[in-house]
1. Of the residues that sit in the range 16-36 and are more than 10 Å from ligand 2 (Cβ to nearest atom) and touching a strand residue (DSSP E or B) at 6+ places or on another chain (Cβ under 8 Å), which one is nearest to residue 187 (Cα to Cα)?
2. Could you check residue 197 against (1) assigned to a strand (DSSP E or B); (2) within 25 Å of residue 322 (Cα to Cα) and say which number it fails?
3. So which pairs qualify, if the first residue must be in the range 25-38 and touching a residue at least 12 places away in the same chain (Cβ under 8 Å), the second must be in a helix (DSSP H, G or I) and near ligand 1 (Cβ under 7 Å from one of its atoms), the Cβ gap must be under 6 Å, and the two must be at least 6 apart or on different chains?
4. Inside the range 1-94, counting only helices (runs of 4 or more DSSP H) that do not spill past its ends, which hold 2 or more residues that are under 15 Å from the mean Cα position of the chain (by Cα) and within 11 Å of ligand 1 (Cβ to nearest atom)?
5. So how many residues does the range 36-50 have that are more than 16 Å from residue 197 (Cβ to Cβ) and surrounded by 21 or more Cβ atoms within 10 Å (Cβ to Cβ)?
6. Would you point out which residue out of 19, 27 is in the same structural domain as residue 142 (by TED's automatic domain parsing) and modelled with pLDDT of 95 or more?
7. Note down all Cβ pairs under 8 Å where the first residue falls in the range 195-208 and is under 18 Å from residue 39 (Cα atoms), the second is surrounded by fewer than 14 Cβ atoms within 10 Å (Cβ to Cβ), and they're at least six residues apart or on different chains.
8. Restricting attention to the range 87-132, which residues are surrounded by fewer than 17 Cβ atoms within 10 Å (Cβ to Cβ) and either over 23 Å from residue 150 (Cα atoms) or within 14 Å of ligand 2 (Cβ to nearest atom) (or both)?
Ligand code: ADP
Ligand code: MG
């Protein structure tokens, strides 16, 4: 075969292979878009574990009629325009890839109304070639993305979908992870017409603890040591459970870098090291940790789904986290001695 440039349809589907692994990845991308649009109330409606329908509705700043088609194009984004922007990124999105990828493997409808527009408009794409049609629609200020029949045109992917329950559990977990870092946003998650989670807007510390308990369990809250640790531009905060609450599995660890959820080896290693001999080798610490740092000190463009970051000064960040957690654990131990009554 001679060398040829692939069609946009096919390049989008190839990109979708990396970004859209399963329904939960669609939910992650769409909810992140809603958050980037400043939404403080997001409805996530799921049918059949997401294979039937994923509908995300937000009250964010919307997309102007003239830009609706562009929003679905690959490498089209309103979030960066220069390399400097990329290096100082604070929005969750920047690759301009999600909507293009998702719409190449589903039947997608995007409906939006920015506040300055009198009516809403809608574009429809169906595992699409590049052309889309636009029509007026009824919708309040904000955006709804409707993703039906995910993977209808990519049978190989569809075959990898697990049971409805498993796929929904992955979605539930994505919403938990996001809800932990965005307490000021309300999330309403429903499955097959039934509301299964309602994380109410949490503004004051008490409401935030309530959300933490709803997501991580009251047990975690009872054992949680609060962290607030700083060094120059580095800020570590959140909670670690004392060694009275260890997990048989590594299933209660949530970490975030500049508000972005992550699974990061550096963070996990630093935390484990801080627990040191307090923790048997088959047990795992439970924690919810937020690390904020100068965005120019971290590369978020490592993985298409943005699951990973690279710290420019990895050692420094590692040691900083280690010290912050060690300090919290040591203070707690002293506290324990002080309060020991039995
Ligand atoms: P990215 O998030 O990387 O920019 P996406 O493909 O996810 O790429 O989205 C493309 C663009 O569409 C965004 O840059 C944004 O301008 C617009 N957009 C997508 N979802 C929303 C939303 N819920 N509210 C407002 N604008 C949105
Ligand atoms: Mg996005």
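The values are calculated or read from the model by the stated rules, or taken from the named source; none is laboratory data. Since we're looking at a predicted model, the values are computed, not measured. Note that we place each Cβ from the backbone using ideal geometry, even for glycine, and neighbour counts take in every protein chain shown.
1. So, considering only residues that are more than 10 Å from ligand 2 (Cβ to nearest atom) and touching a strand residue (DSSP E or B) at 6+ places or on another chain (Cβ under 8 Å), the one nearest to residue 187 (Cα to Cα) is 27.
2. Going through (1) assigned to a strand (DSSP E or B); (2) within 25 Å of residue 322 (Cα to Cα) one by one, residue 197 breaks only (2).
3. Filtered contacts from the range 25-38: 29/98.
4. It comes to 23-36.
5. Summing the residues that are more than 16 Å from residue 197 (Cβ to Cβ) and surrounded by 21 or more Cβ atoms within 10 Å (Cβ to Cβ) in the range 36-50 gives 2.
6. Matching residue, one of 19, 27: 27.
7. From the range 195-208, the pairs are 201/184; 202/184; 203/184.
8. The answer is 87, 88, 90, 115, 116, 117, 118, 119.
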